[in-house]
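The values are calculated or read from the model by the stated rules, or taken from the named source; none is laboratory data. These numbers were taken from a predicted model, which means no experiment stands behind them. Note that each Cβ is placed from the backbone with ideal geometry, even for glycine, and that neighbours are counted across all protein chains shown.
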Ligand SMILES: NC(=O)c1ccc[n+]([C@@H]2O[C@H](COP(=O)([O-])OP(=O)(O)OC[C@H]3O[C@@H](n4cnc5c(N)ncnc54)[C@H](O)[C@@H]3O)[C@@H](O)[C@H]2O)c1
């Protein structure tokens, strides 16, 4: 039977490599569409948990996963050899940036090298990981063809960027099935098969002419968001200089029914995608001597926001006769986005680190994050002021210390860098004790009226308290 027929009949075995935020919901969608799904991941603990129906992804409930495991529609493995039995293989592994924002393709390369020995006739390989234009053709295709099989003739290759909106609070109703899917193939035959595969789980599939077009489109989507948030953050800095309220300004501009798309400022930019992916484009353009100026500038402004927030805290405390040093500061929200459990690249961590470096007594609350480790720069003030939990505190960068296993305090990490460990505090007690509360993430479970009633001073980076009438606390907006 041909691959196309197997896809149409749902008898194809669908594999997903990388079972994280992008890969697991995709695997579940294919299983729910009627396919037999194989998940491959290098994390043995994760694989064992998934095989027992335990989901680590908020958007995939354990009930959903358990049913699929029980019905034999989903199984997970660490064994790449199992891919020999798959008809389609989608790669959803991480694409982080390293030092100097350089692309790190090692996860993609490892996945493709793991798959290559098991590649066979009539298989379809699709990359979903976000990456620079040219990756599928220049990095993946040669590795897959090294064994002698030819793309478009013996096997098929495509790119279909992930557009998942974790938590989906900013865009309710946009699910994997309803968000249109961009797809491309190495050849027209390849594209036809990628379209057929995704049409089984997505209402609208949008084929584009080349792999590079799809790769570029995904990066443009993310860069668009990064640059616009960067502009909104700069507008906040401008409004601060001119003494106007940035939130009122943006809401006023947004009443224009065309030609304006509202973006809002905040404590910075976080998550695994928006602050990271555009640097894949920056790097690719550097190879042709073209500077991606908007992206670089937006990145600079976004990264400056945590320091601006902490300067707001210091100024507000000083106005009330206090100082940042020694003040009790409670940060609300550690995740990068409302109602998600993800702290990757979260600006809250930078705000916490800067508060510690400024000598504040810092605590945090987040309903999704029971404990946090915050990296500190060597020589920061926090190292001198938070010695309570430090074993033999006589300097930093000394490896091999007996470190406290848990609790709040600064510790020297194995690699000589310092870090500070915090546990989530009880919210009412934290609010009562705080000289200043900093709202970094506006989770919907927070009762802003109660927060405004208990706190003395709130620095609100999300305009979360906008609907609280006559708050008892002094509220300082971004
Ligand atoms: N998270 C999102 O909201 C989102 C949205 C759009 C696009 N993306 C893109 O999707 C890709 C994956 O991101 P994510 O957020 O799902 O990452 P993740 O860290 O949540 O998950 C990645 C998974 O891949 C596994 N893995 C790593 N190397 C592997 C290998 N060689 N073989 C098999 N498994 C391997 C990891 O153990 C992990 O389970 C990235 O390119 C990201 O930019 C993510």
Flag for residue 139 being within 14 Å of the ligand (Cβ to nearest atom) and surrounded by 21 or more Cβ atoms within 10 Å (Cβ to Cβ): no
Criterion (within 30 Å of residue 56 (Cα to Cα), more than 16 Å from the ligand (Cβ to nearest atom) and at pLDDT 95 or above) met by exactly one of 173, 266: 266
Failed criterion for residue 83 (all others in (1) more than 11 Å from the ligand (Cβ to nearest atom); (2) buried (at least 19 other Cβ atoms within 10 Å of the Cβ); (3) over 24 Å from the mean Cα position of the chain (by Cα) hold): (1)
Residues of segment 1-41 that turn out to be within 14 Å of the ligand (Cβ to nearest atom), without any contact (Cβ under 8 Å) to a residue 40 or more places away in the chain and assigned to a loop (DSSP other than H, G, I, E, B), as a count: 1
Residue ID - nearest to the chain's Cα centre (by Cα), chosen from residues in segment 271-288 that are assigned to a loop (DSSP other than H, G, I, E, B) and closer than 17 Å to residue 100 by Cα: 272
Those residues of segment 216-267 which are touching a strand residue (DSSP E or B) at 6+ places or on another chain (Cβ under 9 Å), part of a loop (DSSP other than H, G, I, E, B) and buried (at least 16 other Cβ atoms within 10 Å of the Cβ), in sequence order: 267
From 343, 335, residue being under 25 Å from residue 232 (Cβ atoms), in contact with a strand residue (DSSP E or B) (Cβ under 8 Å, 6 or more places away or on another chain) and not in a helix (DSSP H, G or I): 343
Flag if residue 332 is away from the ligand (no atom under 16 Å from the Cβ) and in contact with a helix residue (DSSP H, G or I) (Cβ under 6 Å, 6 or more places away or on another chain): no
Condition met for residue 111 (touching a strand residue (DSSP E or B) at 6+ places or on another chain (Cβ under 7 Å), within 9 Å of the ligand (Cβ to nearest atom) and either closer than 26 Å to residue 272 by Cα or not in a loop (DSSP other than H, G, I, E, B) (or both)): yes
Within segment 43-61, tally of residues that are surrounded by 15 or more Cβ atoms within 10 Å (Cβ to Cβ) and part of a helix (DSSP H, G or I): 5
Scope segment 1-36; condition closer than 16 Å to residue 127 by Cα and either touching a strand residue (DSSP E or B) at 6+ places or on another chain (Cβ under 7 Å) or not assigned by TED's automatic domain parsing to the domain that holds residue 47 (or both); matching residues: 14, 15, 16, 17, 18, 19, 23, 26, 27, 30
Residue within segment 123-131 that is near the ligand (Cβ under 10 Å from one of its atoms) and either free of Cβ contacts under 8 Å to residues at least 60 places away in the same chain or out of contact with any strand residue (DSSP E or B) (no Cβ under 9 Å at 6 or more places or on another chain) (or both) present: yes
Conditions (1) touching a strand residue (DSSP E or B) at 6+ places or on another chain (Cβ under 8 Å); (2) closer than 25 Å to residue 61 by Cα; (3) within 15 Å of the ligand (Cβ to nearest atom); number of the one not met by residue 183: (2)
Some residue of segment 63-77 being within 13 Å of the ligand (Cβ to nearest atom) and surrounded by 15 or more Cβ atoms within 10 Å (Cβ to Cβ): yes
Selected residue (only one of 157, 211, 149, 182 is more than 20 Å from residue 24 (Cβ to Cβ), under 22 Å from the mean Cα position of the chain (by Cα) and at pLDDT 95 or above): 182
